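Below is one structure, written out as structure tokens; the observations come after it.
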Amino acid sequence: MTQTTYTDGTLVRVEGLKKHFPVGGGLFKRAKSHIYAVDDVSFAIQKGKSLGLVGKSGCGKTTTGKMLVRLYDPTAGHIFLNDVEVGQVDLAEVKGAQLKTFRRRVQMIFQDPYESLNPRRTVFDTVVEPLAVQGIGDLIDREERVAGLLDMVGLTPANTFMFRFPHELSGGQRQRVAIARALIIDPTFIVADEPTSMLDVSIRIGVMQLMQELADRFAVSYLYITHDLAVARYMCQDIAVMYLGKLVEMAETEELLAHPLHPYTQALISAVPIPDPRLQRETLEIKGGIAQPIDPPLHCRFYDRCPFADNFCRDNDHPLLEDKGDGHKVACYKV
Amino acid sequence: MSLLLSVHDLTMHYATRKGEVSAVDNVSFDLAKGQSLGLVGESGCGKTSIVFALMRLLPENGMIKNGYIMLDGKDIVAMDYAALLKVRWRKIAMVFQAAMNALNPVYTVGQQIIEALELHLSNISPAQARERIAILFELVGLDPALMDRYPHEFSGGMRQRAVIAMALSCSPDIIIADEPTTALDVIVQDRILKRIRELQRELNMAMIYISHDIAVIAEVSDRIGVMYAGRMAEMAESADIFDRPMHPYTYALMGAFPSIKGKRRDLKTLPGEPPDLLDPPSGCRFHPRCPYATDVCREKQPDFTPVNGASRSDLTHGHYVACWHPMQGVTL
């Protein structure tokens, strides 16, 4: 563990992150193959900025998020957190008591507020738990902090919500409780895994705006995992597109949407329905493909579906993510 | 355009331990032959309940309190079981939300469609049925050889196509699609949406497409009905709903929808939450969240009123809104 800090404002830097899950096998039998759920992924998140991780289900975006909060242990790679309180740490290597300290700095918000809250616990119990685990403050102090935070997340007046149970709350209110719980110990970095995809349209925007306000107020950065490019556009300064365990493109949000370079990103953007009945979209047609990267062949992961692929793409390993100028990175031989 | 289906003052309740839930309240709409109507609204707005009523597939605690659903001069609400069998699949077919659950895992996909064909079209031979399925599979973009495979061998998108083929099997006049693409990824969703729309036009079927996603609705509908808390708030041609929304809820719904195209506009929040339909608000059900609400909105329910000279008797065209203070000429 080094104590040097970056001066360029990087908060999280992920290098060569991998997670391979064994398929089959058992207690005395070695697994024959592996799912390459996350395969050599690198990116950086600047302080106070948020990165959107976009891709279809099964592309490895949630696995990446769970490694960043160490709910999964990486197979290989580094996750450097550059933090005023704990210095620079490789999260991929922290253990035991250190892990507990680092959980003060990094938190997660889950997709489904109906499953992520314990139905037998009151709002107060749920939100106060991180403080109790970390041994911060006494009861009166904690109660004040919980009340203050409930006010901030829009559960007002706080004393009417404190002792309610999850079943007495709507979906939007539950997600607000989950946000309060993630923020109570003042983290610098939050992994938000589709936090609004289960919410109704009119509720969703409220929660998105709340998350943005709180990010500004507490100087928190998000890794915002979503399948919805339109939501990522509103929540994130940068977007990274994932496909079968690999990052295929990463750029500033408006740049990525206006000038997608990777054929998969182009297909993805052209397929998003537009809320305007007169608009005719031109779709980039791509072929169907496999759903899981089990022992993938040594060429571009997108090779089988790519309309532009040639022999070079087939005979060479998956292309590296290269900067094509102004931080617009893409992993494709044809660009 | 000739009138095909007419839903008039439909009112539905669900009995629960806490009391009766007013899920659908005085909803009316008409559907012309070959017309595509999109019903959009948030969960609990009553859009799926309307589908249950159209197919008469109500859950045990559901009841139709009032209204009629006229199809070919007959009222679906009053039909007995034998009459219903003649309507289901042959007149109105349905594409369900979860294709995974709509298919039986222990039969091949072909067998399941044959079963539907034999039940609804008497005197069809097995060979004829297979021939028909092959045509249907090609229509929805599946290899006919796949009909002897089991559902687990299909991907999510293929299953959804198979379910669409099944719905088309008896050449229905009306196809109802209840969020058929929500579980699919964007690229697959796009393909299915396009195919559904093409088929609907090629076969000149009428369609009722249900979704919470106004962008999806915009892509598949000639006409859009916006529902809120069990009532129809507004109904008009798709372009009019987008260009000239008159109900404050429609306006709010559009403003709350992020898009990846065009300028990045600020999204507007709608305060509050949809009401509890065990005890719906008095007057207009939207009034507690409406920025323009006045006393009359709190006291009296607004009628579903034609605007710009639309006719009251034929809801297949024209602009209708249920609001005491409809918005005029407001653009997003």
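We did not get these values from a lab; they are worked out from the coordinates using the rules stated. None of these values were measured; they are calculated from a predicted model. Positions of Cβ are generated from backbone atoms using ideal geometry, with glycine treated the same way; all protein chains shown enter the neighbour counts.
Counting only lysines at least 8 places from B:K300 when in the same chain, those with an alpha carbon closer than 24 Å to its own are B:K47, B:K65.
Gain on full extension, evaluated as 0.36 nm per residue between A:A76 and A:F312 minus their Cα-Cα distance, stands at 82.1 nm.
The phi torsions of the stretch A:19-28, fed into the Karplus equation with coefficients 6.51, -1.76 and 1.60 and a -60° offset, translate into couplings of 9, 10, 9, x, 10, x, x, x, 4, 10 Hz, rounded to whole numbers, with Gly and Pro shown as x.
For the stretch B:25-113, the set of chymotrypsin sites (Phe, Trp or Tyr not before Pro) satisfying both a DSSP loop assignment and a count of at most 15 other C-beta atoms within 10 Å is given as B:Y107.
When the pairs A:K49/A:K324; A:K29/A:K66; A:K66/A:K100; A:K329/B:K261 are compared against a 18 Å limit on Cα-Cα distance, A:K49/A:K324; A:K29/A:K66; A:K329/B:K261 fall above it.
For A:V23, the residues 5 or more places off, or on other chains, whose built amide H falls under 5 Å of its own are A:K32, A:S33, A:H34, A:I35.
Amide H contacts under 5 Å for B:L39: B:Y209, B:I210, B:S211, B:G225, restricted to partners 5 or more places along the chain or on a different chain, H placed in the peptide plane at 1.01 Å from N. Reducing the stretch A:148-198 and the stretch A:275-335 to their Cα centroids gives an inter-centroid distance of 38 Å. Taken residue by residue and averaged, Cβ atoms of other chains lying within 10 Å of the Cβ of B:265-273 number 5. Summary of the geometry: the stretch A:55-124 and the stretch B:99-128, compared by the centres of their Cα atoms, lie 48 Å apart. Take each residue of peptide B:248-259, count the partner chain Cβ atoms within 10 Å of its Cβ, and average: the result is 4.
Computed 3J(HN,Hα) for the stretch B:175-183, one whole-Hz value per residue from the Karplus formula 6.51 cos²θ - 1.76 cosθ + 1.60 where θ = phi - 60°, is 10, 10, 10, 9, 6, x, 10, 4, 8, glycine and proline marked x.
Only the Cβ atoms of Lys and Arg (+1) and of Asp and Glu (-1) were treated as charged; on that basis the dipole of the stretch A:80-157 about its Cα centre amounts to roughly 200 debye. Applying 1/(1 + (r/R0)^6) with r as the Cβ-Cβ distance of A:E144 and A:Q212 and R0 = 22 angstrom yields a FRET efficiency of 0.30. Using only side-chain charges placed at the Cβ, +1 for Lys and Arg and -1 for Asp and Glu, the dipole size of the stretch A:289-335 relative to its Cα centre rounds to 140 debye. Where the centroid of each part is defined by its Cα atoms, how far is the stretch B:8-86 from the stretch B:284-332 in Å? If we compute the Cα centre of each part, the gap is 22 Å. Residue ranges A:246-252, B:16-22 sort as A:246-252, B:16-22 when ordered by packing (mean number of other C-beta atoms within 10 Å per residue, highest first).
Taking θ as phi - 60° and the Karplus parameters 6.51, -1.76 and 1.60, the scalar couplings of the stretch B:40-45 work out to 10, x, 7, 4, x, 7 Hz in sequence order, x denoting glycine and proline. Rg of the Cα atoms in the stretch A:1-74, relative to 2.2 N^0.38 Å, amounts to 1.37. For B:K65, the residues whose amide H sits under 5 Å from its own are B:T11, B:M12, B:H13, ignoring neighbours fewer than 5 places away on the same chain, with H placed 1.01 Å from N. This model, with +1 at the C-beta of Lys and Arg and -1 at the C-beta of Asp and Glu, gives the protein assembly as shown a dipole about its Cα centre of some 740 debye. Positive end of the dipole of the protein assembly as shown (Cβ unit charges, origin at the Cα centre): among A:A92, B:Y320, A:V146, the Cα lying farthest that way belongs to A:A92. Among the residues of A:281-287, the average count of other protein chain beta-carbon atoms within 10 Å of the residue beta-carbon is 2.
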